[in-house]
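Trainee: Have a look at this one.
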Amino acid sequence: MCDLGEDGDVLRRSLERAGVGDPAEPMVSGGSPPGDDGVGTVRLSLSPDEAARVDAALSGTGLDEVMRAAPAVLSPMFRGGGIPDGYEDGLRDATEDLRGLYRFAAGQGLAVAQVFQG
């Protein structure tokens, strides 16, 4: 399990800036919707092949590259006050968690399910 919380969009945009390319969207907030539960929970899934492609893209992009891209994404969010202490550390941890999730899924030939609760 990997809980990105509210950092999902920041992470997606940092990954895009770091050059991950097309898989940046599905790795954080995409996939095929298996259905609607009618109470505001969105579920998306990536097939084992899609999860393996995401893993390859993440593995080909260094963590330092993602973190170098993060300030350009974060700065407009925290105008004037600067990026809060520890925020980038949390983003680094979330990136590592996401990488670990896809590494595990790809290694086991598993699909990845994403759940967004509204």
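Trainee: For L98, work out the one condition from (1) modelled with pLDDT of 85 or more; (2) surrounded by fewer than 19 Cβ atoms within 10 Å (Cβ to Cβ); (3) closer than 16 Å to S14 by Cβ it doesn't fulfil.
Mentor: Just one mismatch for L98, condition (2).
Trainee: Any idea how many residues of the stretch 61-116 are over 15 Å from the mean Cα position of the chain (by Cα), under 25 Å from L44 (Cα atoms) and not in a helix (DSSP H, G or I)?
Mentor: Looking only at that region, the number is 3.
Trainee: What are the residues in the stretch 69-118 that are charged (D, E, K, R) and touching a Ser or Thr at 6+ places or on another chain (Cβ under 9 Å), if any? Full working, then the answer.
Mentor: Initially, the stretch 69-118 is screened for residues charged (D, E, K, R), giving 79, 85, 88-89, 92-93, 96-97, 99, 103.
Residues satisfying the conditions are R99, R103.
Trainee: Given the conditions (1) surrounded by 12 or more Cβ atoms within 10 Å (Cβ to Cβ); (2) at pLDDT 70 or above, which single one is not true for P23?
Mentor: With respect to (1) surrounded by 12 or more Cβ atoms within 10 Å (Cβ to Cβ); (2) at pLDDT 70 or above, P23 is out only on (2).
Trainee: Considering only residues of the stretch 63-95 that are surrounded by fewer than 13 Cβ atoms within 10 Å (Cβ to Cβ) and of a type in the set (D, E), which is nearest to G19 (Cα to Cα)?
Mentor: The extreme case among them is D64.
The values are calculated or read from the model by the stated rules, or taken from the named source; none is laboratory data. Just so we're clear, the structure is a prediction, and the values are computed from it rather than from any experiment. Cβ atoms come from the backbone with ideal geometry, glycine included; neighbour counts cover every protein chain shown.
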